[in-house]
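Okay, so here's the structure we're looking at.
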Amino acid sequence: MSAAATPNPSLVVGVDVGGTFTDLFVLDEAAGVARIVKVPSTRGEEARGFMNGIERVESAGRGGAAAIATIVHGTTVGTNALLERKVARTGIITTTGFRDVLEMRRRDRPATWGLRGNFTPIVPRDLRLEVDERVLADGSIHTDVDIAQVEAAARALLAAGCEAVCVFFVNAYANPVNEQRAVAAVRAIWPNGNVTAATEVLPEIREFERCSTATLNASLQPVVGGYLTRLARDLQTQGFDGELLVVQSNGGIMSRETASDVPVRTALSGPAAGVIACAAIARAAGFPNVVTGDMGGTSFDVSLVAGGEASLSAQTSIEFGMVVRSPMIQIETIGAGGGSIASVDAGGLLQVGPESAGSIPGPACYGRGNLRPTVTDANVLLGRIAADRPLGGGLLGKLDSGLSAQAIGKHVAEPLGIDAYAAAEAILTVANAKMAGAIRLVSIERGHDPRQFAYMPFGGGGALHVCAMMREVGTTTGIVPRYPGVTSALGCVIADMRHDSVQTLNQPLAALDMDDLVARVEALQVACQQRLDSAGVRFDAVREIIELDMLYVGQSHTVRVPVAREALHREGIAQAFETAYREAFGRALDGIAVRIMNLRYARIGVRPKFDLGVLAPQAVEMPSSLGTQRVYHAGQWWDAARFARLDLPVGASVAGPAILEQSDTTIWLEPGFSGRVDALGNLLITREA
């Protein structure tokens, strides 16, 4: 169908490509209704899984891709490429004497207390070439860049088979002129657009973090840019003529073109979208403080939302030595997904993960060749997932609990000398303990009492473990969203457009030129606004965030200090720093001079918000039970009532033991717990006193 057949496209589609499933949340803005689509991911060919999902949207009778006005995509293509080191062959052109910055890192090591450790940089040493240039830390040019050397280095990297190149000069953050001249020379020679200037990605002090971030960005440009280009072409072939936007790891969205230029900002894109959705749902439900837990097929991602806002960090490590310094939602990830494989090690201890069976071949119960037990197999054998129920919106017609029993019996029960049911429960106990540890990491270890937070599980497997997590960490309320398995896709639809910029100041507060600071803020505002304008997206409002990285003289770690536009004067900044420092450390250090390291600016285009009431149940009467199911829990069998979760009306209450089923997840209510459906369709779970 051509685009002309649907002159006013009204669908907004959020697409999250996970390791096991590709999830779509489809919002029809004209009709005010929403629905979900779930298809298997195609690992290594993520675009094919994406398009399979779009074809399912087409089958809804709304004109196919031509009926879609906007697609917002949360992608793990970049993250997976880095984790698997399947990135483009990349070279570095750097200042003489600094080719080993990427390898020296921060003189850290993979095992803190170990005597040995291995680290292989993403760019080998022979592809890290030096040229003569030098800018001093004050920004003065000591040595002009030798353009002839730059051109020779670029040609040498091309001859070595490099697809991408990063130009990184050591003090370019203080004055980028040498780096800009070198980049212009390289771009005149390079046969594609995969040329990254470190200061264009991160114009910030600290050479390792800048080099790492820029190099990873360069290595991802052919991977992510190529993927998005193919995706756009396929969508256009299907009649799509709208905007394709991409979720950033800070929870905002950006245009496809920007994502292709700075793909490093897509790291943790999918999980970030899920946290944004959870924050919005929890606020609407009256719970500003929540801990989120995304349990998919391969991992368990945890984050904390306080006061209705997700926590942001300045940098993260994709793995050891792969540092990305870019604002991103704080997410802790462990290998505890539904496909995580259970085994007994040489010492006789039961281990769960980090290895996962993923979607292919999947858990043993899928019958696709995997003979080792997984967390999903344990849930199936114990009756918490009905084996006769279609999985994942039709991924499988049914599961084979016999294969689960065989896998658990051989690999766990026999080595431990216990029966298969006790072994399955032991697998879940270990997995739950690992997940609870991750929750404590983002709450207790950061100064938050988890008992003051609600727990919101999402992902395909999160709701199976919600009661266990509440018991383990002491939360009093669990919130299961209406569509837990597609929460990240929902977050894609909710997310605002956001662009962040940073500039290093590195000046004492007492000596700072306030007029210059205001001028820098205004320049960043203009640059970020241009990015917003270029996306062609309508906003209801635009807002800004101004922050300063500050510290006391003599310290090495900064505190991020929010500052209002009207407080951009010496007294206002000093007061804001003292407030932020007291909140972080409990007291201020009177009499010590203060230094400003970096200016950070974010401009946010607030997209039109849809009423979460579209998720509310339409049913008005309590449905009949689907029957009972035998469930093994706490060493004994229980008769659990089965319900179709989406048929429960607002106000409906279900007491455990009970199983609530829907196409994208299963909710297991343990004995002693009960759930009530709120006005938005969330299931609010509480524990009996």
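The values are calculated or read from the model by the stated rules, or taken from the named source; none is laboratory data. Since the model is a prediction, treat every value here as computed from it, not as a measurement. A quick note on method: Cβ atoms are made from the backbone with ideal geometry, for glycine too, and the neighbour counts reach across all protein chains shown. With ligands, DNA and RNA removed, areas are computed over all heavy atoms of the protein, side chains included. Shrake-Rupley method; radii C 1.70, N 1.55, O 1.52, S 1.80 Å.
Observations
- When the stretch 448-572 is described by a simple charge dipole with +1 on each Lys and Arg Cβ and -1 on each Asp and Glu Cβ, the residue from Phe453, Leu509, Ile479 located farthest towards its positive end is Ile479.
- In the chain, lysine pairs closer than 29 Å at Cα, eight or more apart or cross-chain: 8
- Shape category assigned to the stretch 391-453 from the gyration tensor of Cα positions, a/c cut at 1.5: oblate
- Antiparallel DSSP beta bridges within the chain, as percent of all bridges there, nearest 5: 75 percent
- Shape of the stretch 365-511, Cα gyration tensor, a/c cut at 1.5: prolate
- Shape category assigned to the stretch 272-495 from the gyration tensor of Cα positions, a/c cut at 1.5: prolate
- For the stretch 103-172, trypsin sites (Lys or Arg not before Pro) are listed when DSSP marks them as loop and at most 14 other Cβ atoms sit within 10 Å of their Cβ; the list is Arg106, Arg107, Arg116.
- Heavy atoms of Glu55: accessible area, 1.4 Å probe, square angstrom to 10: 90 Å²
- Average accessible area per residue (Å²) across the stretch 272-495 - probe 1.4 Å, nucleic acids and ligands excluded: 32 Å²
- Only one item in (i) 27.3, 92; (ii) 26.1, 80; (iii) 26.0, 90 matches Rg and Dmax of the Cα atoms in Å derived from the coordinates shown, and that item is (ii).
- Ranking of Asp639, Asp301 by solvent-accessible surface, largest first: Asp639, Asp301 (1.4 Å probe, protein heavy atoms only, all chains present).
- Relative contact order of the chain, pairs being alpha-carbon contacts under 8 Å that are 6 or more residues apart, as %: 12 percent
- Along the axis of the charge dipole computed for the chain (Cβ charges of +1 for Lys and Arg, -1 for Asp and Glu, origin at the Cα centre), the listed residues Val167, Ala67, Thr333 are led at the positive end by Thr333.
- Counting 0.36 nm for each residue step from Thr477 to Leu416 and taking away their Cα separation leaves a gain of 18.4 nm.
- Taking amide hydrogens as placed 1.01 Å from N in the peptide plane, the amide H of Leu505 sits under 5 Å from those of Asn598, Leu599, each at least 5 positions away in sequence or on another chain.
- Here is the list for the stretch 459-568: trypsin sites (Lys or Arg not before Pro) lying in DSSP coil, each with at most 15 other C-beta atoms within 10 angstrom of its C-beta, are Arg538.
- Extension gain for Arg368 to Asp516 (0.36 nm times residue separation, less C-alpha to C-alpha distance): 46.9 nm.
- Each 5 Å bin from zero up to the one holding the largest Cα-Cα distance in the stretch 613-687 carries the following percent of pairs: 4, 17, 27, 26, 16, 7, 3, 1, 0.
- What you get for the stretch 86-220, charging only the Cβ of Lys and Arg (+1) and of Asp and Glu (-1), is a dipole of about 600 debye around the Cα centre.
- Inter-part distance, the stretch 509-587 to the stretch 243-298, computed on C-alpha centroids, equals 23 Å.
- Among Arg372, Arg676, the order of accessible area from largest down is Arg676, Arg372, computed with a 1.4 Å probe on protein heavy atoms.
- Positive-end residue, the chain charge dipole about Cα centroid, Cβ charges, pick of Val145, Ala310, Leu490: Leu490
- Counting heavy atoms of the protein chains alone, Trp668 has an accessible area of about 0 Å² for a 1.4 Å probe.
- Given +1 at the Cβ of Lys and Arg, -1 at the Cβ of Asp and Glu and no other charges, the dipole of the chain around its Cα centre is 820 debye to the nearest 20.
- Residue-normalised convex hull volume from the C-alpha trace of the stretch 132-177: 66 Å³ per residue.
- Computed on the stretch 86-220, with alpha-carbon pairs under 8 angstrom and 6+ residues apart, the relative contact order is 30 percent.
- Carbon plus sulfur fraction of accessible area for the chain, probe 1.4 Å, in percent: 50 percent
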